[in-house]
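Below is one structure, written out as structure tokens; comments come after it.
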């Protein structure tokens, strides 16, 4: 995991001249993808999702309520705290749902192989 991405000063990493506003990594418009976090939070935390996010992350409760309601998009740092929490796995898996990146497919395959090996013991 020690690898880093190198880019020259002032160089944006935008493959083939696309922008995140035009198209995201999964091919969906980032502009039309406004309620993704609120939908995910409400599905995973059906009972008071904002309060649950506050309990999990320790972030300001009012801000967590706004994230869960879809009024504000969560920051990358908030997502990092959420995914790294003790409750992070279902959020990480929901974020990665439908991802077809080769590294993710390999990771899932290795996880299945490890689970099968554990079960065989």
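Within segment 41-53, restricting attention to residues that are closer than 19 Å to residue 94 by Cα and free of Cβ contacts under 8 Å to residues at least 24 places away in the same chain, which residue is surrounded by the fewest Cβ atoms within 10 Å (Cβ to Cβ)?
Checked segment 41-53; the qualifying residue surrounded by the fewest Cβ atoms within 10 Å (Cβ to Cβ) is 47.
Which members of segment 83-102 meet the condition of being in a loop (DSSP other than H, G, I, E, B) and surrounded by 11 or more Cβ atoms within 10 Å (Cβ to Cβ)? The answer is 85, 87, 99, 101.
Can you tell me how many residues in segment 62-82 are in a helix (DSSP H, G or I) and surrounded by 14 or more Cβ atoms within 10 Å (Cβ to Cβ)?
11
Note on segment 89-109: residues that are out of contact with any helix residue (DSSP H, G or I) (no Cβ under 6 Å at 6 or more places or on another chain) and closer than 15 Å to residue 54 by Cβ total 0. Is it the case that residue 38 is assigned to a helix (DSSP H, G or I), in contact (Cβ under 8 Å) with a residue 12 or more places away in the chain and surrounded by fewer than 13 Cβ atoms within 10 Å (Cβ to Cβ)? Answer is no for this residue. Residues in segment 44-73 that are modelled with pLDDT under 95 and within 14 Å of the chain's Cα centre (by Cα): 73 only.
The values are calculated or read from the model by the stated rules, or taken from the named source; none is laboratory data. The shown structure was predicted, so the numbers you read here are calculated from the model rather than taken from an experiment. All Cβ positions, even for glycine, are placed from backbone atoms using ideal geometry, and neighbour counts span all protein chains on display.
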